[in-house]
1. Testing A:L132 on (1) away from chain B (no Cβ under 13 Å); (2) without any contact (Cβ under 8 Å) to a residue 12 or more places away in the chain; (3) open to solvent by 70 Å² or more (accessible area, probe 1.4 Å), one condition comes back false. Which one is that?
2. Suppose the filter is within 30 Å of A:E212 (Cα to Cα), in contact with a Gly (Cβ under 9 Å, 6 or more places away or on another chain) and either more than 14 Å from chain B (Cβ to nearest Cβ) or surrounded by 18 or more Cβ atoms within 10 Å (Cβ to Cβ) (or both); does A:V142 pass it?
3. Name the single residue that is modelled with the lowest pLDDT among those in the stretch A:7-39 being open to solvent by less than 50 Å² (accessible area, probe 1.4 Å) and more than 17 Å from the chain's Cα centre (by Cα).
4. I'm told B:V52 meets every condition in (1) open to solvent by less than 30 Å² (accessible area, probe 1.4 Å); (2) among the β-branched types (V, I, T); (3) touching a strand residue (DSSP E or B) at 6+ places or on another chain (Cβ under 7 Å) except one. Can you identify the failing condition by its number?
5. With under 13 Å from A:A37 (Cβ atoms), among the small types (G, A, S) and either at pLDDT below 95 or assigned to a loop (DSSP other than H, G, I, E, B) (or both) as the only criterion, which of A:A70, A:A103, A:A116, A:A138 stands out?
6. Considering only the stretch B:246-261, how many residues are part of a helix (DSSP H, G or I) and open to solvent by less than 10 Å² (accessible area, probe 1.4 Å)?
Amino acid sequence: MNVLLDFLPEFRKGFLGTVSLTAASSALAILLGLLIAGFRVSPVPPLRAFGTAWVTLLRNTPLTLLFLVAFFVVPQVLFPGTSPFVLATLALGFYTSSFVCEAVRSGINTVPLGQAEAARSIGMTFTQTLRLIILPQATRTVLPPLSSILIALTKNSAIAGAFSNTELFSVSKLLNDQGRPIGWIFLWIALAYLIITFAISGLFRLLERRLEVAR
Amino acid sequence: MRIRKTAAAGAVVLALAATATACGGESGTAGDKASGGDVYSGTYPVNDKANVNSPAWKEAKKAGKITIGAKADQPYLGFQDTTGKRTGFDIEIAKMIAADLGFSEKQIEFKTVDSNVRETAISKGQVDYYVGTYTINDERKKQIDFAGPYYTAGADLLVRRDDKSITGPDTVKGKKVCSIVGSTPLQEIKKPKYGATTTELAKYSLCVKQLLDGQVDAVTTDDAILKGYAAERPKKLRVVGKPFTKEPYGVGLQKGDKALRDAITDALEKHIKNGDYKKAYEGTLGKSGTSFVAPQTPLPRT
């Protein structure tokens with residue numbers, strides 16, 4: 001109990017760190033995921049191939065490995081001195097984007113083919129069809145898996161703690177190293193994660209209810 | 001046909017992934033292979049007449065083996081190589097104690113215990129005692145007991161051999177210093193009076209890699225750990241040698257086991273006096289080029 005009160009500033013910093021990492025990398029992941037999903041269903045073969053390669057490579061690589069590449073290869077080859085937060089956001093965002101892409105693609109597959117054909121018959125381009133007809137209908141199906149992906153992302157962000165980022169896990173490590181009672185630390189850290197993941201699932205439940213339509 | 005195509009594509013992706021991982025691995029860049037020579041590993045006469053009135057010792061004697069907690073990732077200090085052999089200064093200390101408690105080298109079972117679960121492993125009896133850069137402090141003493149200290153370490157800086165600009169903690173202003181997440185020296189060097197920018201990574205080996213690659217200018221932690229890395233690559237790295245904290249290393253054991261604690265303290269005292277300690281130090285951490293400083297004897301019984 002005392003651990004929380006004694007180290008409130010540390011806990012707050014860790015909590016905010018996890019929240020901001022999660023927020024930044026979910027934004028990146030959703031943006032990239034939508035783009036790559038568009039690639040994967042597009043009529044242009046090279047784009048489709050790129051999308052497939054992206055998903056295969058990122059989805060099947062352990063996240064820790066991506067972090068290692070982001071921290072030890074990217075700064076050396078491309079931009080030396082990039083902040084750890086940006087590097088962690090990139091690693092988390094790229095990794096999660098492959099999962100978002102697949103969720104979006106599964107959503108797109110639930111939209112009947114007739115919808116796309118009808119759109120094309122009234123002269124819409126591929127981008128228009130996707131943006132105005134397909135994606136709005138796909139959104140409903142995409143929401144539940146997307147909330148799972150974002151909750152997983154929240155927990156995955158703990159790896160960033162081992163790479164020069166302040167977040168909940170690194171705070172637990174800090175207090176642990178000082179020899180504070182391990183049980184209480186874990187309890188408070190777990191509760192903090194629960195707050196974030198509950199917020200995400202609550203938000204998505206709200207969205208689902210909003211977008212509900214009888215089929 | 002189709003299957004063959006998929007298989008080919010799969011192979012390409014695998015190859016790509018393999019090249020990608022090769023860059024991120026811990027193997028390091030070419031030409032920076034460890035070159036510290038052999039690590040000293042001694043044998044110590046077993047005290048067959050040992051009799052310690054401690055529950056942990058009695059149980060170990062009955063089982064015919066003693067379980068010792070140690071680190072496995074600290075070269076020249078507490079290290080386990082790919083063949084499973086353990087070497088290093090802490091390992092030697094652990095072996096000296098075991099010999100005096102009446103256990104031969106064959107009867108020792110080493111167990112790798114990570115820093116953050118040390119108190120748990122000791123108090124739950126998963127290990128009989130623990131030797132692994134374990135700083136004695138009051139917070140830990142609430143949960144376990146310490147014998148010793150057997151070595152007084154202090155936070156120091158590891159730099160590239162040819163880097164003359166860092167001569168102590170007062171010269172790190174504006175420099176990049178790396179340490180592991182949450183470690184005490186990191187909290188110290190973060191203080192505004194030193195003015196260093198910090199990088200926090202999961203393992204010291206990653207910090208050392210960044211140091212060799214020139215991405216950070218120094219690695220900070222207890223000098224014992226740094227000496228280990230310097231001993232591994234004496235041509236590339238050196239320890240500055242201006243410790244700025246005091247970290248007395250103790251042997252961790254279950255709380256309240258006074259008999260075992262006294263026996264361990266006696267063992268340490270004996271081996272410091274008969275020169276085993278000095279030999280072990282010079283064959284391990286001493287290879288970093290730092291000179292041997294005799295530990296305080298008799299050991300304060302904390």
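The values are calculated or read from the model by the stated rules, or taken from the named source; none is laboratory data. In this text, all values refer to a predicted model and were calculated from it rather than measured experimentally. Methodologically, a virtual Cβ is constructed for each residue, glycine included, from the backbone with ideal geometry; neighbour enumeration extends over all protein chains shown. Ligands, DNA and RNA are excluded from the accessible area calculation, which covers all protein heavy atoms including side chains. Shrake-Rupley method; radii C 1.70, N 1.55, O 1.52, S 1.80 Å.
1. It fails just one condition, (2).
2. Answer is yes for this residue.
3. Per the stated criteria, the residue is A:F7.
4. (3)
5. A:A138
6. 1
Here's the yes/no breakdown for (1) within 11 Å of chain B (Cβ to nearest Cβ); (2) of a type in the set (F, W, Y); (3) under 20 Å from the mean Cα position of the chain (by Cα):
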| residue | (1), (2), (3) |
| --- | --- |
| A:P43 | no, no, no |
| A:A70 | yes, no, yes |
| A:V74 | yes, no, no |
| A:F79 | no, yes, no |
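Every residue, every condition in (1) more than 30 Å from B:P169 (Cα to Cα); (2) free of Cβ contacts under 8 Å to residues at least 12 places away in the same chain; (3) touching a helix residue (DSSP H, G or I) at 6+ places or on another chain (Cβ under 6 Å), yes or no:
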position: B:L237; (1), (2), (3): no, no, yes
position: B:K246; (1), (2), (3): no, no, no
position: B:L253; (1), (2), (3): yes, no, yes
position: B:A267; (1), (2), (3): yes, no, yes
